[in-house]
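S.K.: Just passing along the structure, written as structure tokens.
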Amino acid sequence: QVQLVESGGGLVQPGGSLRLSCAASGSISSIYTMGWYRQAPGKQRELVALITRGSSTNYADSVAGRFTISRDNAENTVYLQMNNLKPEDTAVYYCNMVLIQGQRYWGQGTQVTVSS
């Protein structure tokens, strides 16, 4: 059974930073991409950042230049460093993993709240 366990969410003031982590465990063959999505109240889930096994990255325009995604292939872990956070970044952040065979997995979500 594959599990994604997220950590690092919380409450932070505008302009602050947080680092999210997501560790994958279980019967994992070969990971194609790992990424982060977020869903704010009343809105659809949206892509935040994505990283391939070869470390190519893709960011939403709203976070480019503020967020950095990275991964540790040996540990099947992905990170999201979030700097200069804004109130509009408030959402539940979900870790996502896609295997080369096409299976897709989601974490349970971690709350990020940006407020003064």
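Just so you know, all these numbers are worked out from the coordinates, no wet-lab data involved. Just so we're clear, the structure is a prediction, and the values are computed from it rather than from any experiment. When we count neighbours, we look across all protein chains shown, and the Cβ atoms used for this are built from the backbone with ideal geometry, even at glycine.
S.K.: Could you state the per residue volume, in Å³, of the convex hull enclosing the Cα atoms of the chain?
M.R.: Given the Cα convex hull of the chain, per-residue volume reads 93 Å³.
S.K.: Okay, moving on. Let me know the charge dipole size of the chain about its Cα centre in debye, to the nearest 20, where only the beta-carbon of Lys, Arg (+1) and Asp, Glu (-1) is charged. The partial results should precede the final answer.
M.R.: Numbers: 9 positive and 7 negative charges, 20 e Å.
Around 100 debye, computed over the chain.
S.K.: Antiparallel versus total DSSP beta bridges in the chain: what percent is that, nearest 5?
M.R.: Numbers: 40 of 43 bridges.
Rounded to the nearest five, the antiparallel share is 95 percent.
S.K.: While we're looking at this one, here's another question. Positive end of the dipole of the range 41-104, charges at C-beta (+1 Lys, Arg; -1 Asp, Glu), about the Cα centre: which of Thr57, Gly42, Phe67 has its Cα farthest in that direction?
M.R.: Positive-most Cα among the choices belongs to Gly42.
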